[in-house]
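The values are calculated or read from the model by the stated rules, or taken from the named source; none is laboratory data. Owing to the predicted nature of the structure, the values given are computational and were not obtained by experimental measurement. No Cβ is skipped: glycine too gets one built from the backbone with ideal geometry, and neighbour counts run over all protein chains shown. All accessible areas refer to the heavy atoms of the entire protein, side chains included, with ligands and DNA or RNA removed. Shrake-Rupley method; radii C 1.70, N 1.55, O 1.52, S 1.80 Å.
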Amino acid sequence: MIIKSPNRKNGYSMTKITENDIELLAIEYLQKQGYNYVCGYDIAPDSENPERDSFEDVLLIDRLRSAINRINPTIPTDARDDALKQIQRLSSPELIVNNETFHRMLTEGIKVTYQNNGDNRGDYVWLIDFDNIENNEFLVVNQFTVIENNVNKRPDVILFVNGIPLIVIELKNPAVDNATIHSAFKQLDAYKQAIPTLFTYNGFLIISDGLEAKAGSLSAGYTRFMSWKTSDGKTEAPHLIGQLETLINGMLNKKTLLDLIRHFIVFEESNKEDSKTKMTIIEKTKKLAAYHQYYAVNKAVLTTISASSIDGDRKGGVVWHTQGSGKSLSMVFYTGKTVLALHNPTILVITDRNDLDDQLFDTFSNSKQLLRQEPVQAKDRQHLKELLKVASGGVVFTTIQKFQPDDGNVYEELSDRKNIVVIADEAHRTQYGFKAKTIDDKDENGNVVGKKIVYGFAKYMRDALPKATYLGFTGTPIESSDVNTPAVFGNYVDIYDIAQAVDDGATVRIYYESRLAKINLSEEGKQLVKELDDDLASEDLSETQKAKAKWTQLEALIGSENRIKQVAKDMIEHYENRQIANSGKAMIVSMSRRIAADLYKEIVTLKPDWHNPDLSKGAIKVVMTAVSSDGPEMAKHHTTKDQRKTLADRMRDPDDELKIVIVRDMWLTGFDVPCLNTLYIDKPMRGHN
């Protein structure tokens, strides 16, 4: 193997590793994966065999043209040339916009028109052959100089696929004190500003100091760059094997690289109001799957294909990925790939709360390019029925409660198609079961008129969609006593628990601190708490009228005036002291909406300058819904979906004055706020350590 480098001395030093050694090692690993190697100097515009007309050119045009001709032999030459010109005409002033436009061209094909027997015909030109990996050219190049606006830069290593610079790798020497993996990230950041044209065609970025190695998207901050922990998706690589070798073998092998580019990248769009100008700014974010998402999704797609086959059992399995590890995005990646794998099935996404339905729907709506269609949210039962009574296609969102039959214990059959996949969020919850229960039957005035038998919603879903395939996602492990979840969905497909997530940096480490707010209880009150503990250990509270009554009584105890005063005083004191040590935002989780409103009132009594009735102002807010019958204290905290989005944007902005929110059950899952570092939980909990 001959590798050219201007700084390379003959032989290896036994005492000192240089950045150049790491570069050569990376190239060697890539050659073992089947990449061809070329030194950038040998194809530079001033070389003997140039492949670029000028140092401004970042595409290897001849290689790209050759690939286009090879992959699209039936497309006329003029149309292929037009596709090549379209790639070179990306001219938005924003790099991320150009990058998204090119990504669509890369993964969806470039639309062209040409004359065929006198008629205009539309077709697509593909830049990469995703079906036949070996029909593509994989090239690793070092010392590739790029000059843009008279600024000269030379990234360490670039991976070209069919002449397109898809991957940029920046390396640092771990033996040099200030040459860290973080400095590699900052170097790439500087390159994006100086030579943005190179990154127009970028798939993702890699940084390494020879010891650590991480990958991230074009828009990712340093904390979003993640390691790739496995070479084969089955076992984690031993610590004796370097992270750079593991990443190259696991992530940059030809098959995985093209799979990631096509199925595991999304561009999300969010609206943010500038606090000073009050103008709405549209922000684009590019997101790349982490290794645990990639392998879990591919496993789930395979089990879904098997379960939905002629002899399949319709159980796709359960993906247990701990909360905060990107479960919602994994569901998006799974849906996008399943849509292609099963040739446009209907995907039904089930949640058990309206706010979760809205939250997940927003995530999917932001990823419609990957889904290749616009997701739809069922407004009511009738709308759900209309959406499911189609021949194929569609990504439909609904809450599981819409599968409650209007009358009797059988839900009408909506479709007997096999190409329907039901994705259930938080699939471990008991309401997904089949079990029959006897409950009070009430008239329209709420009076008990007898008893009736009801079933778990899983039974009603099976009534409606008897031949659908079911896949569950959960952030909580299935309990050993839980027979419902395996019965509905099957066994685990993939597990990514809290310990793995913390170790990978996917979620932050959690530190618990017990703070007691004592209640002076009578003997009757003590007995009530004991009975409630027993109920918490044995049943879902929403399933029994008896537990509801006790819950109401306990809520009155926890929400008593004296205790609210005590809790408010303690939280304020703790929060302000914590700001001295570690500035950040906080969330308070209350047992009920009534307690949330009362706690807010007491906190702003002690801290009046925190209060402001304006949605866009104030340091503390309550996030909940209310109706007029709840009374004025609760009703004034009612928020619409759009208002909650405004508050969410304020909460995510570390510079916004909103520092504390009080919730009951909203925002507890799938709500990503990096600057939130304190969670006050003032409610009974079950199944947590």
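Observations, loosely collected:
- Residues in region 382-414 that are assigned to a helix (DSSP H, G or I) and under 15 Å from VAL349 (Cα atoms): HIS383, LEU384, LYS385, LEU387, LEU388, ILE400, GLN401, LYS402, PHE403.
- The lone exception for PHE403 - which of (1) in contact with a Lys or Arg (Cβ under 9 Å, 6 or more places away or on another chain); (2) closer than 26 Å to ARG262 by Cα; (3) open to solvent by less than 30 Å² (accessible area, probe 1.4 Å) it fails: (2)
- Condition check for GLY394: surrounded by fewer than 20 Cβ atoms within 10 Å (Cβ to Cβ) and farther than 20 Å from ALA289 by Cα: yes
- Residues of region 626-643 that turn out to be of a type in the set (D, E, K, R), closer than 14 Å to SER616 by Cβ and in contact (Cβ under 8 Å) with a residue 24 or more places away in the chain, as a count: 0
- Among the candidates LYS327, LYS385, residue that is under 18 Å from ALA290 (Cβ atoms) and of a type in the set (D, E, K, R): LYS327
- Taking region 127-145 as the range and being aliphatic (A, V, I, L, M) and either within 20 Å of ILE27 (Cα to Cα) or surrounded by fewer than 19 Cβ atoms within 10 Å (Cβ to Cβ) (or both) as the test, the residues that pass are ILE133, LEU139, VAL140, VAL141.
- Residue list for region 150-176, restricted to those being part of a strand (DSSP E or B) and open to solvent by 10 Å² or more (accessible area, probe 1.4 Å): VAL151, ASN152, LYS153
- Boolean, GLY118 is open to solvent by less than 60 Å² (accessible area, probe 1.4 Å) and not β-branched (Val, Ile, Thr): no
- Screening ASP655 against (1) more than 28 Å from the chain's Cα centre (by Cα); (2) open to solvent by 70 Å² or more (accessible area, probe 1.4 Å); (3) under 25 Å from ASN677 (Cβ atoms) leaves a single unmet condition, (1).
- Checking region 311-327 against the condition returns a match, with at least one residue being within 19 Å of SER219 (Cβ to Cβ), modelled with pLDDT under 95 and in contact with a helix residue (DSSP H, G or I) (Cβ under 9 Å, 6 or more places away or on another chain).
- Segments classed as helices (runs of 4 or more DSSP H), wholly inside region 234-344, with at least 1 members that are farther than 30 Å from LEU127 by Cα: 243-251, 291-307, 327-341
- The residue pairs whose first member lies in region 402-420 and is over 19 Å from HIS383 (Cβ atoms), whose second member is part of a loop (DSSP other than H, G, I, E, B) and small (Gly, Ala, Ser), and whose beta carbons are closer than 8 Å, counting only pairs six or more residues apart or on different chains, are LYS418/SER308; LYS418/ALA468; ASN419/SER308; ASN419/SER392.
- Test for TYR575: is it hydroxyl-bearing (Ser, Thr, Tyr) and within 20 Å of ILE558 (Cα to Cα): no
- Each residue in region 649-689 was checked for being at pLDDT 85 or above, outside any loop (DSSP other than H, G, I, E, B) and among the charged types (D, E, K, R), and 3 pass.
- Condition broken by LYS585, with the remaining ones in (1) of a type outside the set (A, V, I, L, M, F, W, C); (2) under 25 Å from GLU426 (Cα atoms); (3) open to solvent by less than 30 Å² (accessible area, probe 1.4 Å); (4) touching a Leu at 6+ places or on another chain (Cβ under 9 Å) satisfied: (2)
- Take the conditions (1) at pLDDT below 90; (2) of a type in the set (Val, Ile, Thr); (3) within 24 Å of the chain's Cα centre (by Cα); ILE248 misses just one of them, which is (1).
- The number of residues in region 625-652 that are at positive phi and crowded, with 20+ Cβ neighbours inside 10 Å comes to 0.
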